[in-house]
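Accompanying notes for the structure given below.
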């Protein structure tokens, strides 16, 4: 073997080692808009920790509190690679991805609890349809990692029933739930979770549709003392990834991400009930006025919402019909 051949082989080995080192140093940026102590923030961190523990050649760094990208910009930012992964509320994406509105059907029946929501979100048909839809945006749909719990109504001024939102300006939760609020006579303003306190404090809005978690963690009882206990919507938080980044991963790295998603879902489901009980107790304790909604009123609300449900299928064709059938199956409303 001559010196030239030996040098070429050495350079080849060096290049291989260098490529392996570069791969080992790959870091993915995960953005979200929650506080780190919020359960949703803890869930995103749990996912990152799971990936980091499973593989030495992939590192996930977490950027909370919209420090990298705002929640309502999640899809575009992930598509463009401004952020590699984002944990985002499904309702924030409904304007760009109408099919996702299956998760924003307003005033759902009591049978649509978190168990039913997960059953729908994790169904292989749902995953396949969502993955195909998000691929058009250059985004990989990794699935869901936790629930919002019930998004309910919190108002600056007293109310006796849901009908009292007529004429008020509300921050909506997104998607078809906003259509429902307008149908009930409210006007809807788009705000991120971080903007809720100031908007209520200044009177920019008269109330909000939000989660117990946001109500407690953002201190909203000081500016929205009336709690109207009607579930406007219940939606999952999706985990999205830049598709080019995902496609460039090795099979082992993809497996690590899949395993991390599955482990995080299980962790979230195991801990969410206790978290929700604690949050609900705090909501009831902190709110000055707690307005319960009768079963009869809830049933009347669902009847009013039926045209919105029908429009979802009409607007989304066969995929919408399939998802609606799955929704009816998990809620027992077939």
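The values are calculated or read from the model by the stated rules, or taken from the named source; none is laboratory data. On a predicted model such as this, the values are computed, not experimentally measured, just so you know. Glycine also receives a Cβ, built like all others from the backbone with ideal geometry; neighbour counts cover every protein chain displayed.
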Inset, instruction - For region 99-156, name all the residues that are under 14 Å from the mean Cα position of the chain (by Cα) and in a loop (DSSP other than H, G, I, E, B). - result: 104
Legend entry - Residues of region 228-243 satisfying the condition of being within 17 Å of residue 289 (Cβ to Cβ) and out of contact with any helix residue (DSSP H, G or I) (no Cβ under 6 Å at 6 or more places or on another chain): 228, 229
Legend entry - Any pair with Cβ under 6 angstrom, 6 or more apart, that starts in region 93-119 at a residue that is over 14 Å from residue 175 (Cα atoms) and ends at one that is at pLDDT 95 or above and in a helix (DSSP H, G or I): 109/331; 111/331; 112/331; 116/330; 116/331; 119/330
Inset, instruction - Kindly establish whether residue 45 is in a helix (DSSP H, G or I), at pLDDT 95 or above, within 19 Å of residue 174 (Cα to Cα) and out of contact with any helix residue (DSSP H, G or I) (no Cβ under 7 Å at 6 or more places or on another chain). - result: no
Inset, instruction - Run down 92, 86, 33 and say which single residue is modelled with pLDDT under 95, outside any loop (DSSP other than H, G, I, E, B) and buried (at least 16 other Cβ atoms within 10 Å of the Cβ). - result: 92
Legend entry - Scope region 70-83; condition over 18 Å from residue 172 (Cα atoms) and assigned to a helix (DSSP H, G or I); matching residues: 75, 76, 77, 78, 79, 80
Inset, instruction - Provide a single number: the residues in region 227-244 that are surrounded by 18 or more Cβ atoms within 10 Å (Cβ to Cβ) and farther than 30 Å from residue 200 by Cα. - result: 4
Inset, instruction - Take the residues in region 132-168 that are closer than 24 Å to residue 318 by Cβ and free of Cβ contacts under 8 Å to residues at least 40 places away in the same chain, then tell me which one is surrounded by the most Cβ atoms within 10 Å (Cβ to Cβ). - result: 132
Legend entry - Test: residue in region 291-300 that is in a helix (DSSP H, G or I), closer than 25 Å to residue 211 by Cβ and in contact with a helix residue (DSSP H, G or I) (Cβ under 8 Å, 6 or more places away or on another chain): yes
Legend entry - Residue match in region 22-29 (condition: surrounded by 11 or more Cβ atoms within 10 Å (Cβ to Cβ), over 23 Å from residue 252 (Cα atoms) and modelled with pLDDT of 95 or more): no
Legend entry - Hits in region 56-69 - residues which are assigned to a loop (DSSP other than H, G, I, E, B) and either touching a residue at least 40 places away in the same chain (Cβ under 8 Å) or farther than 23 Å from residue 173 by Cα (or both): 56, 57, 58, 65, 66
